[in-house]
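Taking it in order: structure first as structure tokens, then the write-up.
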């Protein structure tokens, strides 16, 4: 705030030109805006801008200064309109900022043009129009490709927040990682925003992938954010951290701690008269109350929050409140109102350009109203969820879609197979059960292309052996539906520098793979998949132990490594392997949810695949690398 006082002192200088005074007012307003003091920022604009809904006074100013006034008035219109829920404020903000962008573009001022675009993107983000926000930020970052300025740091930070809001968690993680080096010399405010945004992302990743280590890291990031916000005296941002901590503690079941953080957030936002964030706190607290079984209290609280959020332009937040309200109504057995509320949540989020929240609201309809909806309504809700969530990267959301689909299809099929009246002549209960079982096995084999392991996963069976047992005993007529067994010949043979006669007599040996993975679920699935190919898979769950295996002279034909490991991480394992003469040429694959492809290859990996989307490509990649080794 020392800078703010200096700017006020300079503005008071009567000898200043009109343009210089306007530039100083804009600089002061930007400082106050970034700290969250939006009313003081508007006052700093003085005679240049009277407030939301008013046209800035730019007559007599040069083009660059006029553009500065327009972008500041636009950005403040967006922030003030959000906190006070002023209808149409985001559209008005976008118009003003777009006008400034046209001027900056004509002046070829890349830095200020890109800064204005980041402000424009945030208007789209508040509305829930995430695709539009992404496009604008992509343009800004393309212009700043070779810059290391604070403008680029802000653009990266906002881009990461947008991708996180869209549930594109791995893209967001990559962006935050790219932004981290730019934060070293930044202000407490920007560093606090970085830690807060990264903490929010880690919280979402932890929930999506059930990673407790991500939740722990999120708590550390939130603590760092609170420190920097407190150092800079930024109460509004500190309150946002408290609300996120309340949500996080609710997620991990620490409900008393959740209420404590929400109490602090509520007190701070009340002092700041920030209605939209107060409504967000109420929505979060309603979730805590639902977890406590206080359904009546939760319904009253979230109902008021939804009414408040409906007044403004932040449709994604409104849709979230509607979803929580719909859950509360369903658990109060007010089923008709719950259905209407959840349907509205789908429509509001979809119209705002936020398919993720729209799809999740459709899932809530199936989960909470399963016994209250008709078969056609349930199928329509599931179909809508699949349509909206086709690009999601959230593993937990995909599991929810799959589970809902199974429940609905089972219900519909059972209804068709077992009508109200049954001909009991020659009826056999066991025959009917086996016929029903065969129907779903046939569907799973069809949808998996005949792959038994994949079909078992679709059916929710614990392993492919269970399905093989069913096929070879109760359902032999379905054996023709599976892919024929392949007798894979080993692509690795014993090395022998002796005579050609000895080389011709060499016998193939089994390929041996070292798989390092700390997630038991992923490890088990990969062992089953690779073993089906005839390969011997040795498992290891910890980085330090894996390092010892790599340093040993145990023969391995390929290394398959996770990045995020207890102890030594995957990149360090790759680097060590490449230092060893007997591992220098060994094929190495990194299979990770977080590491980007460039970093993997720089470390010395031959291939990098993403979890979970590329898991189905692991066997093919292993085979390709083993073939290249043979050649």
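Conditions (1) assigned by TED's automatic domain parsing to the domain that holds residue 521; (2) modelled with pLDDT under 85; (3) closer than 15 Å to residue 249 by Cα, marked per residue:
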| site | (1), (2), (3) |
| --- | --- |
| 189 | no, no, no |
| 193 | no, no, no |
| 199 | no, no, yes |
| 204 | no, yes, yes |
| 226 | no, no, no |
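Taking the residues in segment 504-538 that are at pLDDT below 85 and assigned to a loop (DSSP other than H, G, I, E, B) as candidates, determine which candidate is nearest to residue 570 (Cα to Cα).
Restricting to residues being at pLDDT below 85 and assigned to a loop (DSSP other than H, G, I, E, B), the top hit is 519.
If a residue has to be assigned to a helix (DSSP H, G or I) and either touching a residue at least 60 places away in the same chain (Cβ under 8 Å) or surrounded by fewer than 17 Cβ atoms within 10 Å (Cβ to Cβ) (or both) to count, how many in segment 206-218 make the cut?
Looking only at that region, the number is 6.
Among the strands (runs of 3 or more DSSP E) lying completely within segment 553-622, list those that include at least 2 residues that are modelled with pLDDT of 90 or more.
558-561, 588-592
Quick check on my filter: what residues within segment 343-369 are part of a loop (DSSP other than H, G, I, E, B) and either surrounded by fewer than 22 Cβ atoms within 10 Å (Cβ to Cβ) or modelled with pLDDT of 95 or more (or both)?
Matches in segment 343-369: 353, 369.
Would you check which residues across segment 451-503 are part of a loop (DSSP other than H, G, I, E, B), more than 23 Å from residue 627 (Cβ to Cβ) and either over 41 Å from the mean Cα position of the chain (by Cα) or at pLDDT 65 or above (or both) and list them?
Scanning segment 451-503 gives 460, 461, 474, 475, 482, 498, 499.
Anything in segment 293-317 that is farther than 24 Å from residue 125 by Cα and in contact with a helix residue (DSSP H, G or I) (Cβ under 6 Å, 6 or more places away or on another chain)? List them, or say none.
295, 297, 298, 299, 301
Scan segment 119-136 and give yes if some residue there is free of Cβ contacts under 8 Å to residues at least 12 places away in the same chain, in a loop (DSSP other than H, G, I, E, B) and either at positive phi or touching a strand residue (DSSP E or B) at 6+ places or on another chain (Cβ under 8 Å) (or both), otherwise no.
The answer is no, given that none of the residues of segment 119-136 is free of Cβ contacts under 8 Å to residues at least 12 places away in the same chain, in a loop (DSSP other than H, G, I, E, B) and either at positive phi or touching a strand residue (DSSP E or B) at 6+ places or on another chain (Cβ under 8 Å) (or both).
If I filter segment 234-242 for residues that are more than 20 Å from residue 83 (Cα to Cα), in contact with a helix residue (DSSP H, G or I) (Cβ under 6 Å, 6 or more places away or on another chain) and not assigned by TED's automatic domain parsing to the domain that holds residue 594, do I get at least one hit?
No, because not a single residue in segment 234-242 is more than 20 Å from residue 83 (Cα to Cα), in contact with a helix residue (DSSP H, G or I) (Cβ under 6 Å, 6 or more places away or on another chain) and not assigned by TED's automatic domain parsing to the domain that holds residue 594.
Only residues that are without any contact (Cβ under 8 Å) to a residue 40 or more places away in the chain and assigned to a helix (DSSP H, G or I): list them for segment 239-260, please.
Within segment 239-260, 239, 242, 245, 249, 255, 256, 257, 258, 259, 260 qualify.
Is there a residue in segment 604-614 that is surrounded by fewer than 18 Cβ atoms within 10 Å (Cβ to Cβ) and in contact (Cβ under 8 Å) with a residue 40 or more places away in the chain?
Yes, segment 604-614 has at least one match.
Consider residue 170 against the criteria (1) surrounded by 21 or more Cβ atoms within 10 Å (Cβ to Cβ); (2) on the phi < 0 side of the Ramachandran plot: it satisfies all of them except one. Which criterion is unmet?
(1)
Do any helices (runs of 4 or more DSSP H) entirely within segment 270-342 hold 3 or more residues that are surrounded by 24 or more Cβ atoms within 10 Å (Cβ to Cβ) and touching a residue at least 40 places away in the same chain (Cβ under 8 Å), and if so, which?
In segment 270-342, 275-292, 315-331 are the helices (runs of 4 or more DSSP H) which contain 3 or more residues that are surrounded by 24 or more Cβ atoms within 10 Å (Cβ to Cβ) and touching a residue at least 40 places away in the same chain (Cβ under 8 Å).
This table checks each residue for (1) assigned to a helix (DSSP H, G or I); (2) crowded, with 23+ Cβ neighbours inside 10 Å.
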{"position": "24", "(1), (2)": "yes, no"}
{"position": "50", "(1), (2)": "no, no"}
{"position": "54", "(1), (2)": "no, no"}
{"position": "60", "(1), (2)": "no, no"}
{"position": "75", "(1), (2)": "yes, yes"}
{"position": "97", "(1), (2)": "yes, yes"}
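The values are calculated or read from the model by the stated rules, or taken from the named source; none is laboratory data. Predicted model, so just to flag it, every value in this text is computed and none were measured. Because the Cβ atoms are built from the backbone with ideal geometry, glycine has one as well, and the counts that use them run over all protein chains shown.
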